[in-house]
Amino acid sequence: MKNKEHTRQVRDTVVKKFKAGFGYKKISQALNIPRSTVQAIILKWKEYQTTANLPRPGRPSKLSAHTRRRLIRDAAKRPMITLDELQRSTAEVGENVHRTTISRILHKSGLYGRVARRKPFLKDIHKKCCLKFATSHLGDTPNMWKKVLWSDETKIELFGNNAKRYVWRKSNTAHHPEHIIPTVKHGGGSFMVWACFSSAGTGKMVKIDGKMDGAKYRTILEENLMESAKDLRLGWRFFFQQDNDPKHKAKSTMEWFKNRHIQVLEWPSQSPDLNPWKELKTAVHKCSPSNLTELELFCKEEWEKSSVSHCAKLIETYPKRLTAVIAAKGGATKY
């Protein structure tokens, strides 16, 4: 049978006498308690700086050590496995526990449920091209990137695909291949816009009416590209960035650039991590427009609000993007 616990007053007295220079034996004789008890009280005080009762272990775990290890192993090997699936797997071996218990076990091992990042699906050829681009441009000077006029043409959706999927992962592993959701470009946009910017600020933004084709693209360039370059004071020897859409790479479009002596920056396919423009347009979706009129209004407002300092910072940190792509061997990065 367990002996009765000494009062807090007795324990405090033990510590007080110890501080006064009394030894274990003298304290034991003075208070009429075992020497081992005196020693235990003082050792506890030295370690925790208190004589109060500390929290005691709770009831034994419902899950065996083997099942706990299997849960952690399953979540690590299959990051997108759900708590329900893990709960069913424990029930199959006769160990029924609540979802929170499973979650707590995974947390202790460093695995936390996080929303999986959505990134374009990258084939090996895409990764090789991205890696080649990053490697070849890593040594470029900051002034070179300041001479680039970045462009993009994209669908702005009223209600984007915001479905979340949780994965079990450890810190700093958000962009590992097994922790992201590959995405592909698809239809369903509310309207399209074309816009450009440089480190000196934002250029023109144009809403595209109707179907986009090569002729319409060249018209947009004719009416907006050189004017934007002039407004941003890029001079005549600047680089123009565009993606590899067939309309952009068409023979007639490339001749248009050649006739105007505009240098086009070679660009790898499926490489949003190399394009800083996406960071400027995410603000539109945060405004949560409820109709197309609001969507267009917010789009123009957010573009005009984009500060020169923000544009400049995007370009200043561009070498870090290249380094990140190289570190990921052409794969997904945090950008």
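Can you tell me which of (1) exposed (fewer than 10 other Cβ atoms within 10 Å of the Cβ); (2) within 30 Å of Ser171 (Cα to Cα) is the one Gly21 doesn't meet?
(2)
Considering only helices (runs of 4 or more DSSP H) fully contained in segment 30-137, which possess at least 2 residues that are touching a residue at least 60 places away in the same chain (Cβ under 8 Å), over 28 Å from Val14 (Cβ atoms) and not hydrophobic (A, V, I, L, M, F, W, C)?
Passing ranges, in order: 124-137.
Based on this model, can you work out whether Trp236 counts as at pLDDT below 80, part of a loop (DSSP other than H, G, I, E, B) and of a type in the set (Phe, Trp, Tyr)?
So Trp236 does not fit the description; no.
Residue by residue through segment 209-259, note down the ones that are under 26 Å from Val308 (Cβ atoms), surrounded by fewer than 17 Cβ atoms within 10 Å (Cβ to Cβ) and either under 32 Å from the mean Cα position of the chain (by Cα) or basic (Lys, Arg) (or both).
Selection gives Lys230, Arg233, Arg237.
Which residues, taken from segment 260-270, are at pLDDT below 80 and either crowded, with 16+ Cβ neighbours inside 10 Å or hydrophobic (A, V, I, L, M, F, W, C) (or both)?
Trp267, Pro268, Gln270
With the condition kept exactly as written, say whether any residue in segment 271-293 is surrounded by 13 or more Cβ atoms within 10 Å (Cβ to Cβ), at pLDDT 80 or above and either in a loop (DSSP other than H, G, I, E, B) or more than 18 Å from the chain's Cα centre (by Cα) (or both).
No: segment 271-293 contains no residue that is surrounded by 13 or more Cβ atoms within 10 Å (Cβ to Cβ), at pLDDT 80 or above and either in a loop (DSSP other than H, G, I, E, B) or more than 18 Å from the chain's Cα centre (by Cα) (or both).
Can you go through Ala40, Ala65, Ala75 and tell me which one is small (Gly, Ala, Ser) and touching a helix residue (DSSP H, G or I) at 6+ places or on another chain (Cβ under 7 Å)?
Details: Ala40 fails: touching a helix residue (DSSP H, G or I) at 6+ places or on another chain (Cβ under 7 Å); Ala65 fails: touching a helix residue (DSSP H, G or I) at 6+ places or on another chain (Cβ under 7 Å).
Just a single option satisfies the conditions, and that option is Ala75.
Kindly indicate which of Arg56, Arg73, Arg35 is under 30 Å from Leu111 (Cα atoms) and surrounded by 10 or more Cβ atoms within 10 Å (Cβ to Cβ).
Answer to the check: Arg73.
The values are calculated or read from the model by the stated rules, or taken from the named source; none is laboratory data. In this text, all values refer to a predicted model and were calculated from it rather than measured experimentally. Note that each Cβ is placed from the backbone with ideal geometry, even for glycine, and that neighbours are counted across all protein chains shown.
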